[in-house]
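Participant: Attaching a single structure in structure tokens format; questions to follow.
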Amino acid sequence: MILFANPFAILAETVSPIFMQSFVVAMVILIIIGTLLDIIHKKNVKYFFENAKKAKLSATKTLTTGEKISVISKTIVSDIATTSELGAGKRRAAHLLGMYGTILFWIGSAIMIFCYSNPSSNTPSFWPIIWHVGAIMTVIGGGWFWFFLRVDVYSEAQPWYRIIKADLFVLALVASSLFGLIWSYLQSLNLNDRWDDKVFLVLFIVSNLVLFGGVYWSKFAHMFYKPGAAIQKNLAEADGSRDNLPPESDAPKQFGLGITREDPKHY
Ligand code: HEM
């Protein structure tokens, strides 16, 4: 049963664990380099801190440390852990599947590669299960988003097969999980001299290189920026500065009957 087999321990019969571990370290370095280059290029972090400093001037209330901790904890539990920004519905469900799937897949990979990647290792079945289930969740969540929910398809009536640079992240993410799953399955069949599993191992490696090597060009780094932005937004709401935006109107909502005819989806 592939769900219980550590694919990296089987791979270790032909590839040294040191090689796999170095690959993981190289991917982490690629994430750091890509994110730093992105920060330098977009100047987004500089803008973020300048904006936060400017907004502070219009704060109507000084938050105590306790209040700040409470706002930050609520942000972690709601905005970050459940992506509440996406509202209720399929968009959020798809994101949660993909996000937690990826987290499980990456943790499973790291643990199996660093702790149980000797052919003689006895991997507790918990880790291969986490890895395979994470990959399946990522493929479902990412596929759901890519085929049905991304703005081009959902709102702009573009065909699902139209690929642009903005799809780099989601496609590389889904590809790495999908190729990982297929490779693990084929390898578990003990094909020996057949080529199938090796082809998917190469595809698995290439898709990881694209995913982690493409951080500068893709939306990868949103997983670091979004939590920071959510914390700042909620702190700015609590201290009354509201990022220098006007307060919400408390006038009755009168938008005419048309507003309820269709979900807002034409951007
Ligand atoms: C391991 C962590 C994460 C993964 C793997 C992940 C994955 C993804 C993917 C694949 C997309 C679609 C990108 C596209 O537009 O092509 C996406 C979009 C998005 N993510 Fe994440 N994400 C993660 C963390 C987060 C966090 C922590 C937040 C917020 C706090 C967040 C908020 C969003 C939002 C608002 C979108 C836009 C969704 C939409 O257009 O429907 N993500 N994410």
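Participant: Going residue by residue through the range 65-81, is there one that turns out to be among the basic types (K, R), out of contact with any helix residue (DSSP H, G or I) (no Cβ under 6 Å at 6 or more places or on another chain) and touching a residue at least 40 places away in the same chain (Cβ under 8 Å)?
Facilitator: Checked against the condition, which is being among the basic types (K, R), out of contact with any helix residue (DSSP H, G or I) (no Cβ under 6 Å at 6 or more places or on another chain) and touching a residue at least 40 places away in the same chain (Cβ under 8 Å), the range 65-81 yields at least one hit.
Participant: Looking only at the range 127-181, which residues are aromatic (F, W, Y), closer than 22 Å to V210 by Cα and assigned to a helix (DSSP H, G or I)?
Facilitator: W131, W144, F145, W146, F147, F169, F179, listed by residue number.
Participant: Checking R91 against (1) surrounded by 14 or more Cβ atoms within 10 Å (Cβ to Cβ); (2) touching a residue at least 60 places away in the same chain (Cβ under 8 Å); (3) among the charged types (D, E, K, R), which single condition isn't satisfied?
Facilitator: (2)
Participant: Need pairs with beta-carbon distance below 8 Å; first residue within 21 Å of S120 (Cβ to Cβ) and within the range 11-40, second assigned to a loop (DSSP other than H, G, I, E, B) and of a type in the set (A, V, I, L, M, F, W, C); sequence gap 6+ or separate chains.
Facilitator: Partner pairs satisfying both residue conditions: M20/A12.
Participant: Go through (1) of a type in the set (D, E, K, R); (2) within 23 Å of K74 (Cα to Cα); (3) assigned to a helix (DSSP H, G or I); (4) away from the ligand (no atom under 16 Å from the Cβ) and name the single condition K198 misses.
Facilitator: If we test K198 against (1) of a type in the set (D, E, K, R); (2) within 23 Å of K74 (Cα to Cα); (3) assigned to a helix (DSSP H, G or I); (4) away from the ligand (no atom under 16 Å from the Cβ), just (2) comes out false.
Participant: Could you pull out the residue among T138, T102 that is near the ligand (Cβ under 10 Å from one of its atoms), more than 27 Å from K233 (Cα to Cα) and crowded, with 18+ Cβ neighbours inside 10 Å?
Facilitator: T138
Participant: For the range 237-267, which residues satisfy the criterion of being in contact with a helix residue (DSSP H, G or I) (Cβ under 7 Å, 6 or more places away or on another chain), in a loop (DSSP other than H, G, I, E, B) and among the charged types (D, E, K, R)?
Facilitator: K265
Where a number appears in this text, it was derived from the coordinates with a stated rule and is not lab data. None of these values were measured; they are calculated from a predicted model. Cβ atoms come from the backbone with ideal geometry, glycine included; neighbour counts cover every protein chain shown.
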